[in-house]
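For reference, the structure is listed below as structure tokens.
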Amino acid sequence: MTKKEKQQGITVKKFDDFGEWYTQVIQKAELIEYTDVSGCIVFRPYSYAIWEKLQANIDKLIKNRGVQNAYFPLFIPEKLLVKESEHVEGFSPEVAWVTHAGNTKLTERLAIRPTSETIMYDSYKKWIRSHRDLPLKINQWCSVVRWEFKHPIPFLRTREFLWQEGHTAFATKKEADEEAMDILVNVYNSTLKDMLALPTIIGTKSEKEKFAGAEYSLSAELFLPNNKAIQGCTSHHLSQNFSKPFNLQFIDENEKKQFVYQNSWGFSTRTIGIAIMVHSDDKGLVLPPKIAPIQAVIIPILFDKTKNAVLKEAKKVVQSLKGISVHLDDREEYRPGWKYNEWELKGVPLRVEFGPKDMEKKQAMIVRRDTGEKIVVKLKDINKKVNELLEKIQDNLYTKAKKFLNSSIDKADNKKDFLTKLKAGKLVLAPFCNTVDCEDILKDATGGAKSINTPFDKKELKNTKCVFCNKPAKELYYFAKSY
């Protein structure tokens, strides 16, 4: 090991100490930096590049649906935040307030944006007059602040995080219902699957877990290797619960005043943390190729006599790889083995090793990050082979995660089995009455388990009792310990 080299590997195993393992991965892979403000992290360039890829994908999908981007103020006057009673009650514990400007006390407190319904709808009422102004579809990319929690976890639970929030208004409930489902299934769920290689459980949230002020909330949920569920993203149908207090009315085709129907939907940087937890291993980060900032790294094997020739040919290899992000690691102060470990730690999907013997044989050694498989490839075929392997890695990561999810799901139809399977770390599908009181008691009795969602493909329940309180069950719901 040279003076510039240092040990960077992960020192704990994923399933020996999951929390410490995760902390080491995100720091040693140079994804985040902690700050002096608890719960607020620095997104280093490597993690922000992942977010940019997710942004680009979602931005394209929503613009294809007629959504336009805009930006609204960070500060929300208290009088706006309190207009919708359920909404403010749901968010009040999490709101950070600005009370002073310098040494001068403000005449009205300003909330730092926990979500933007109230500030946006104050403008919407000025823009919506006629049915010709509808639908109104606006999205903003921004950060939000939610302060009330005890144990921040980078990406998963931070006091400030990045997201997009879409806010749409329609003349009819049917249009709003259709969009709420379309966003969840064809924008969010497809992004989770196609970009992040994450299998999900999609469905409708319970009365307790739905968004404050929504008529219903749709969600894509995920299950992590530490046997905890986590909400990936949500799409809410707000009905007229906000349009009435904010007076969002339009003149319909019959010259009558009507209140609009609204949706809001959001996807955040939490999904980056979920992908890290699901895919990564004891060597460090594992990234699906479609979100990897660097998809292939070329590592030339350098010796004094052949260094210049090898570097020259390695650069040609870089140029031959089309349509992907490639990095040539030509640093001479680090040995090849150390570089291998560093790029494994950073989750680069493919490593291409190229030395004097490879140059002579007009070939390269390609190593897969997900399986460790080594493949010798002729240089004339390398572009085709690299692209094929990237697709295989993407598919393999999804297949592996899907297998884990399927193996984690279990069913229960009585309280004893329900509690036993929850304790065993399962994602339990069980009949539920969907009352807030029952879920509150259930959460206390199970040490934090809660409903995740109910599947869209409904199973008819006849004479079925709630697995916990024994009252008539309304639907089958998933339950688990959760972040």
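The values are calculated or read from the model by the stated rules, or taken from the named source; none is laboratory data. Only a predicted model underlies this, so the values are computations on that prediction, with no experimental measurement involved. Neighbour counts are summed over all protein chains in view; Cβ atoms, including those assigned to glycine, are modelled from backbone coordinates with ideal geometry.
Which of the following residues is under 23 Å from Asn139 (Cα atoms) and of a type in the set (Val, Ile, Thr): Val278, Val260, Val286? The conditions single out Val260. The lone criterion from (1) without any contact (Cβ under 8 Å) to a residue 40 or more places away in the chain; (2) within 30 Å of Cys438 (Cβ to Cβ); (3) in a loop (DSSP other than H, G, I, E, B) left unmet by Pro245 is number (1).
Does Ala214 fit the bill of being aliphatic (A, V, I, L, M), in a helix (DSSP H, G or I) and buried (at least 17 other Cβ atoms within 10 Å of the Cβ)? Can you show your working first?
Details: aliphatic (A, V, I, L, M): yes; in a helix (DSSP H, G or I): no; buried (at least 17 other Cβ atoms within 10 Å of the Cβ): yes.
Taking the combined requirement at face value, the residue does not satisfy it.
With respect to Ile50, is the statement that it is within 28 Å of Gly213 (Cα to Cα), in the same structural domain as Lys244 (by TED's automatic domain parsing) and either at pLDDT 95 or above or outside any helix (DSSP H, G or I) (or both) true? Judged against the criteria, Ile50 is not a match.
To keep it simple, each residue is scored yes or no on (1) touching a strand residue (DSSP E or B) at 6+ places or on another chain (Cβ under 8 Å); (2) over 25 Å from Phe155 (Cα atoms); (3) surrounded by fewer than 19 Cβ atoms within 10 Å (Cβ to Cβ).
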{"site": "Gly266", "(1), (2), (3)": "yes, no, no"}
{"site": "Ala275", "(1), (2), (3)": "no, no, no"}
{"site": "His279", "(1), (2), (3)": "no, no, no"}
{"site": "Ala292", "(1), (2), (3)": "no, no, no"}
{"site": "Ile298", "(1), (2), (3)": "yes, yes, no"}
{"site": "Ala314", "(1), (2), (3)": "yes, yes, no"}
{"site": "Lys322", "(1), (2), (3)": "no, yes, yes"}
{"site": "Leu328", "(1), (2), (3)": "yes, yes, yes"}
{"site": "Glu332", "(1), (2), (3)": "no, yes, yes"}
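All conditions in (1) within 14 Å of the chain's Cα centre (by Cα); (2) closer than 24 Å to Cys40 by Cα hold for Asp194, with the sole exception of (2). Screening Leu311, Leu302 for residues that are out of contact with any His (no Cβ under 7 Å at 6 or more places or on another chain), farther than 13 Å from Glu344 by Cα and touching a residue at least 24 places away in the same chain (Cβ under 8 Å) leaves exactly one candidate, Leu302.
Name the residue, out of Lys322, Lys339, Lys315, Lys305, that is outside any loop (DSSP other than H, G, I, E, B), more than 30 Å from Ile183 (Cβ to Cβ) and out of contact with any Asp or Glu (no Cβ under 8 Å at 6 or more places or on another chain).
Working: Lys322 fails: outside any loop (DSSP other than H, G, I, E, B); Lys339 fails: out of contact with any Asp or Glu (no Cβ under 8 Å at 6 or more places or on another chain); Lys305 fails: outside any loop (DSSP other than H, G, I, E, B).
Checking each option against the conditions leaves just Lys315.
Gly90 falls short on exactly one of the conditions (1) out of contact with any strand residue (DSSP E or B) (no Cβ under 9 Å at 6 or more places or on another chain); (2) modelled with pLDDT of 95 or more, and that condition is (2).
Looking at Lys205, Lys210, can you tell me which residue is of a type outside the set (A, V, I, L, M, F, W, C) and touching a residue at least 40 places away in the same chain (Cβ under 8 Å)?
On the way: Lys210 fails: touching a residue at least 40 places away in the same chain (Cβ under 8 Å).
Residue meeting the stated conditions: Lys205.
The strands (runs of 3 or more DSSP E) falling completely within region 112-209 that include 1 or more residues that are under 27 Å from Ile409 (Cα atoms) and of a type outside the set (D, E, K, R) map to 201-204.
Have a look at Lys357, Lys339 and point out the one that is basic (Lys, Arg), more than 30 Å from Thr271 (Cβ to Cβ) and not assigned by TED's automatic domain parsing to the domain that holds Gln55. Lay out the reasoning, then the answer.
Working: Lys339 fails: more than 30 Å from Thr271 (Cβ to Cβ).
Every option except Lys357 fails the conditions.
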